[in-house]
Amino acid sequence: MSEMHAGKLREGDVGQASDVDLRTLPLGEILLRTAGLDPARLEEALDRQAESGGRIGEILVNMKAVTEDDVLRALALQLDLPFVEKLSGDAIDLELVRRIPINFARQFRLIPVVRKPEGVEVATADPLAVEALDQARLSLGAPVLPVIATTQTVIDAIHSVYERLAHEADIGEELDAEEHENLSEEVEEAPDLIDSGDDEAPIIRLVNWLLKRAVKERASDIHIEPFEKELVVRFRVDGVLKEVIKPPKRFQKAITSRIKIMGQLNIAETRLPQDGRIRIKIAGKEVDIRLSTIPTAWGESCVMRLLDKSNMLLNLEEIGFEPEQLELIEQLIHRSHGIFLVTGPTGSGKTTTLYAALNRINRPDLKILTAEDPIEYQIKGINQVAVHPKIGLTFASALRAFLRQDPDVILVGEIRDLETAEIAIQASLTGHLVLSTVHTNDAPGAITRLVDMGVQPFLVASSLIASLAQRLVRRLCSNCKQPYEPTQEELEEVGITPEIMAKYGTGVLYRPAGCEQCNGSGYKGRTGIYELMLVDDEIRQMILKNLDSNTIKKYATSVGMKTLREHGAIKVARGVTAPAEVLRVVQDDVVL
């Protein structure tokens with residue numbers, strides 16, 4: 001923990017005589033001296049307090065005259081208590097935490113930290129909540145020694161330490177061979193868990209452990225795959241699959257049944273694919289899980305896609321665009337009409353890009369409608385429709401209905417067929433901005449994809465304003481990435497020219513190493529690489545002449561379009577990712 005001792009002013013505090021005992025001053029006066037509070041704002045706050053009551057610190061924070069951090073530091077000085085800037089979850093005593101219910105800890109924003117000879121140190125964001133501290137004293141069976149921390153610091157520590165506690169309580173940090181054997185002794189093969197009694201507990205614990213570990217490791221998908229003699233569980237982390245565990249084969253039906261029950265699927269139906277949804281909460285995070293099962297030769301394969309509902313929508317600036325690309329994107333999404341297509345394979349981040357674009361233009365004077373399969377994140381102020389082909393609600397039928405809803409901007413999750421493409425083009429030609437996706441390898445390929453669907457070239461030329469191809473590459477772990485000297489062959493393979501190194505590089509390239517923070521992978525998180533093609537008059541003429549996508553790409557690069565490989569090379573030069581990672585996702589990106 002990092003502490004600021006009470007009674008001492010922080011470096012840079014203004015107008016404070018060293019011989020003044022801050023414990024004798026009102027809170028407002030301390031804030032005047034330590035936080036640079038405007039006296040006029042203090043007078044205003046005191047007037048509000050006289051009218052409606054309340055704590056002066058809370059009133060000042062609500063007025064945005066000071067921050068919560070300022071108030072708590074001032075309280076620490078006034079109450080002669082330590083101020084804690086950081087709380088490490090690993091340093092917190094789990095035996096103490098077990099005595100405090102998580103709901104109580106969250107409600108009163110406190111958490112026990114460590115036992116000392118004179119009592120238990122408790123971090124709190126509300127040192128004036130005497131009753132809560134007294135209840136904590138009774139629960140802990142020892143005097144309470146309060147230390148002050150911000151609300152966010154305490155809440156983060158609560159989530160971290162109770163998640164750690166839950167892991168230990170359920171099934172431990174790792175399931176090794178011995179634990180597998182213990183589970184084998186407890187559970188017999190169970191094709192149906194609905195009527196099970198105590199025997200279901202180990203399987204429930206195993207499934208819960210998998211979900212918790214997946215969230216902890218930032219996995220996007222959990223694959224549970226049956227083979228002839230084994231059952232394999234793999235996680236997809238940052239786009240790459242890795243094997244996690246091999247539960248005993250005889251647990252296969254029990255595990256599948258448990259997951260299907262959680263997703264409200266029919267556990268008696270094992271011959272047909274099924275889709276479901278699971279909602280869980282882990283360490284304060286809401287996680288929405290899309291469940292898919294299919295019958296294979298050796299049993300049902302289950303895939304769960306995890307969507308962290310607590311994650312905020314990303315901004316366009318955060319997903320990896322170059323400044324010049326971002327400027328063009330800004331212009332495109334503020335157009336009044338036209339079609340803007342995002343292309344790439346499944347899992348390349350197309351939906352994230354479209355959500356970021358909608359988030360940027362979302363305002364009260366625009367009517368925005370979306371048709372999605374499924375709705376991954378709900379955005380306030382936007383009407384989102386989940387397509388349901390089984391009852392006739394397809395992308396095409398939803399899009400046709402949208403045109404009667406007086407929209408300004410329409411998002412279509414994917415253009416899959418001629419009918420959807422033609423309605424989207426008609427919408428763009430009648431004064432609507434249409435955002436959508438198609439599955440192609442590069443930006444010019446979006447044009448030939450629409451033509452292959454049967455759309456007339458003149459309609460594509462008159463409606464398409466731009467296409468954006470993208471891929472996701474893993475970011476090097478900033479804690480363990482290693483500088484190295486690449487070979488000339490490696491530089492040429494990834495496309496790093498002296499010009500790129502001079503403009504974007506630092507003179508050093510990096511490669512993955514592996515550490516505890518990145519679970520030994522050498523990578524942590526992902527970023528996008530992009531190929532943005534604007535449709536100008538020359539490209540429109542090429543579309544009308546039905547020229548191939550490679551000819552169009554050759555022209556686009558000649559007028560300044562960065563290819564996926566070129567943007568990847570820039571990311572490598574900046575030390576964001578490694579050459580091998582770029583080559584993994586853009587091997588076929590060449591201009592002939």
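The values are calculated or read from the model by the stated rules, or taken from the named source; none is laboratory data. Owing to the predicted nature of the structure, the values given are computational and were not obtained by experimental measurement. Ideal geometry is used to build each Cβ from the backbone, glycine not excepted, and the neighbour counts take in all protein chains shown. Surface areas here come from the heavy atoms of the whole protein model, side chains and all, with no ligands, DNA or RNA. Shrake-Rupley method; radii C 1.70, N 1.55, O 1.52, S 1.80 Å.
Within segment 116-124, is even one residue touching a residue at least 60 places away in the same chain (Cβ under 8 Å) and either under 30 Å from ALA40 (Cα atoms) or out of contact with any helix residue (DSSP H, G or I) (no Cβ under 7 Å at 6 or more places or on another chain) (or both)?
Scanning segment 116-124 turns up no residue that is touching a residue at least 60 places away in the same chain (Cβ under 8 Å) and either under 30 Å from ALA40 (Cα atoms) or out of contact with any helix residue (DSSP H, G or I) (no Cβ under 7 Å at 6 or more places or on another chain) (or both).
Can you work out which of the residues in segment 1-41 that are modelled with pLDDT of 80 or more and among the hydrophobic types (A, V, I, L, M, F, W, C) is surrounded by the fewest Cβ atoms within 10 Å (Cβ to Cβ)? So that I can check it myself, show each step before the final result.
First pass over segment 1-41, keeping only residues modelled with pLDDT of 80 or more: 25-41.
If we keep only those that are among the hydrophobic types (A, V, I, L, M, F, W, C) too, we end up with 25, 27, 30-32, 35, 37, 40.
Numbers: LEU25: 16, LEU27: 18, ILE30: 25, LEU31: 28, LEU32: 20, ALA35: 19, LEU37: 21, ALA40: 9.
Across segment 1-41, the extreme among qualifying residues is ALA40.
Consider THR153 against the criteria (1) touching a Leu at 6+ places or on another chain (Cβ under 8 Å); (2) farther than 30 Å from GLU58 by Cβ; (3) at pLDDT 80 or above: it satisfies all of them except one. Which criterion is unmet?
Tallying (1) touching a Leu at 6+ places or on another chain (Cβ under 8 Å); (2) farther than 30 Å from GLU58 by Cβ; (3) at pLDDT 80 or above, THR153 fails exactly one: (2).
Table: residues versus (1) of a type in the set (A, V, I, L, M); (2) within 27 Å of VAL585 (Cβ to Cβ).
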{"site": "ALA371", "(1), (2)": "yes, no"}
{"site": "LYS390", "(1), (2)": "no, no"}
{"site": "ALA396", "(1), (2)": "yes, no"}
{"site": "GLN405", "(1), (2)": "no, no"}
{"site": "GLU414", "(1), (2)": "no, yes"}
{"site": "GLU419", "(1), (2)": "no, no"}
{"site": "GLN456", "(1), (2)": "no, no"}
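May I ask you to list the residues in segment 386-411 that are at pLDDT 95 or above and either in contact with a Ser or Thr (Cβ under 7 Å, 6 or more places away or on another chain) or farther than 15 Å from HIS432 by Cβ (or both)?
Hit for segment 386-411 is LEU411, nothing else.
Mind listing whichever residues of segment 493-548 are acidic (Asp, Glu) and over 25 Å from GLU327 (Cα atoms)?
To start, the set of residues in segment 493-548 that are acidic (Asp, Glu) comprises 493, 499, 516, 531, 536-538, 548.
Selection gives GLU493, GLU516, ASP548.
Quick check: anything in segment 568-587 within 27 Å of LEU354 (Cβ to Cβ), open to solvent by 10 Å² or more (accessible area, probe 1.4 Å) and of a type in the set (Val, Ile, Thr)?
The answer is yes, given that some residue of segment 568-587 is within 27 Å of LEU354 (Cβ to Cβ), open to solvent by 10 Å² or more (accessible area, probe 1.4 Å) and of a type in the set (Val, Ile, Thr).
Scanning segment 538-561 for residues that are open to solvent by 70 Å² or more (accessible area, probe 1.4 Å), outside any helix (DSSP H, G or I) and not polar (S, T, N, Q), which turns out nearest to ALA443 (Cα to Cα)?
For segment 538-561, the residue satisfying everything is ASP548.
Please verify whether LYS367 is in contact (Cβ under 8 Å) with a residue 24 or more places away in the chain, open to solvent by less than 50 Å² (accessible area, probe 1.4 Å) and more than 18 Å from VAL535 (Cα to Cα), treating the condition exactly as stated. Working first, answer last.
Working: in contact (Cβ under 8 Å) with a residue 24 or more places away in the chain: yes; open to solvent by less than 50 Å² (accessible area, probe 1.4 Å): no; more than 18 Å from VAL535 (Cα to Cα): yes.
Against the criterion (in contact (Cβ under 8 Å) with a residue 24 or more places away in the chain, open to solvent by less than 50 Å² (accessible area, probe 1.4 Å) and more than 18 Å from VAL535 (Cα to Cα)), LYS367 does not qualify.
Got at least one residue in segment 42-54 being touching a residue at least 24 places away in the same chain (Cβ under 8 Å) and either open to solvent by 80 Å² or more (accessible area, probe 1.4 Å) or under 24 Å from THR124 (Cα atoms) (or both)?
Just the residues of segment 42-54 that are touching a residue at least 24 places away in the same chain (Cβ under 8 Å), to begin with: none.
So far as segment 42-54 goes, no, none of its residues is touching a residue at least 24 places away in the same chain (Cβ under 8 Å) and either open to solvent by 80 Å² or more (accessible area, probe 1.4 Å) or under 24 Å from THR124 (Cα atoms) (or both).
Cβ-Cβ under 8 Å, sequence separation 6+ or interchain: first residue in segment 342-359 and at positive phi and in a loop (DSSP other than H, G, I, E, B), partner at pLDDT below 90 and open to solvent by 10 Å² or more (accessible area, probe 1.4 Å). Which pairs?
GLY347/GLY239
Please specify each residue of segment 382-398 satisfying the condition of being out of contact with any Pro (no Cβ under 6 Å at 6 or more places or on another chain), surrounded by fewer than 20 Cβ atoms within 10 Å (Cβ to Cβ) and over 20 Å from LEU366 (Cα atoms).
Across segment 382-398, the qualifying residues are HIS388, PRO389, LYS390, ILE391, GLY392, LEU393, THR394, SER397.
Of all residues in segment 176-227 being of a type in the set (S, T, N, Q) and within 26 Å of the chain's Cα centre (by Cα), which is modelled with the highest pLDDT?
Of segment 176-227, the ones of a type in the set (S, T, N, Q) are 182, 184, 196, 208, 220.
Those left that are additionally within 26 Å of the chain's Cα centre (by Cα): 208, 220.
Numbers: ASN208: 86, SER220: 91.
The residue in question is SER220.
Is segment 257-276 home to any residue that is under 21 Å from the mean Cα position of the chain (by Cα) and either surrounded by fewer than 18 Cβ atoms within 10 Å (Cβ to Cβ) or not in a helix (DSSP H, G or I) (or both)? Give the steps one after another, and end with the answer.
Narrowing segment 257-276 to residues under 21 Å from the mean Cα position of the chain (by Cα): none.
Scanning segment 257-276 turns up no residue that is under 21 Å from the mean Cα position of the chain (by Cα) and either surrounded by fewer than 18 Cβ atoms within 10 Å (Cβ to Cβ) or not in a helix (DSSP H, G or I) (or both).
So ALA469 clears everything in (1) modelled with pLDDT under 95; (2) under 26 Å from VAL576 (Cα atoms); (3) of a type outside the set (Val, Ile, Thr) except one condition, right? Which one?
Looking at each condition in turn, ALA469 falls short on (1).
Restricting attention to segment 399-410, does a residue exist that is closer than 21 Å to LEU326 by Cβ and either open to solvent by less than 70 Å² (accessible area, probe 1.4 Å) or of a type outside the set (Ser, Thr, Tyr) (or both)? Lay out the reasoning, then the answer.
As a first pass, look at segment 399-410 and keep what is closer than 21 Å to LEU326 by Cβ: 409.
Okay, now just the ones that are also either open to solvent by less than 70 Å² (accessible area, probe 1.4 Å) or of a type outside the set (Ser, Thr, Tyr) (or both), so 409.
Within segment 399-410, one or more residues are closer than 21 Å to LEU326 by Cβ and either open to solvent by less than 70 Å² (accessible area, probe 1.4 Å) or of a type outside the set (Ser, Thr, Tyr) (or both).
Only residues that are over 16 Å from PRO26 (Cα atoms) and of a type in the set (A, V, I, L, M): list them for segment 62-87, please. Spell out the reasoning first.
Residues of segment 62-87 over 16 Å from PRO26 (Cα atoms): 62-65, 67-69, 82-87.
MET63, ALA65, VAL84, LEU87, listed by residue number.
Whether any residue in segment 284-295 is farther than 23 Å from LEU241 by Cα, over 17 Å from the mean Cα position of the chain (by Cα) and of a type in the set (Ser, Thr, Tyr) is what I want to check.
Looking for residues that are farther than 23 Å from LEU241 by Cα, over 17 Å from the mean Cα position of the chain (by Cα) and of a type in the set (Ser, Thr, Tyr), one finds none in segment 284-295, hence no.
Can you tell me which residue is surrounded by the fewest Cβ atoms within 10 Å (Cβ to Cβ) among those in segment 411-444 that are in contact with a His (Cβ under 9 Å, 6 or more places away or on another chain), more than 23 Å from PRO389 (Cβ to Cβ) and of a type outside the set (Val, Ile, Thr)?
Looking at the filtered set, the residue picked out is GLY431.
Return the residues of segment 277-297 that are in contact (Cβ under 8 Å) with a residue 12 or more places away in the chain, closer than 30 Å to SER160 by Cα and open to solvent by 50 Å² or more (accessible area, probe 1.4 Å); say none if nothing qualifies.
Within segment 277-297, ARG277, LYS285, GLU286, ARG290 qualify.
Give just the number: which of (1) more than 24 Å from GLU499 (Cα to Cα); (2) under 22 Å from the mean Cα position of the chain (by Cα); (3) surrounded by fewer than 19 Cβ atoms within 10 Å (Cβ to Cβ) does THR527 not satisfy?
(1)
Looking for something among the hydroxyl-bearing types (Ser, Thr, Tyr), more than 28 Å from the chain's Cα centre (by Cα) and modelled with pLDDT under 95 - is there at least one such residue anywhere in segment 432-447? Step through it out loud before you land on a result.
First, the residues of segment 432-447 that are among the hydroxyl-bearing types (Ser, Thr, Tyr): 436-437, 440.
Narrowing the set further to residues that are more than 28 Å from the chain's Cα centre (by Cα) leaves none.
Taking every residue of segment 432-447 in turn, none turns out to be among the hydroxyl-bearing types (Ser, Thr, Tyr), more than 28 Å from the chain's Cα centre (by Cα) and modelled with pLDDT under 95.
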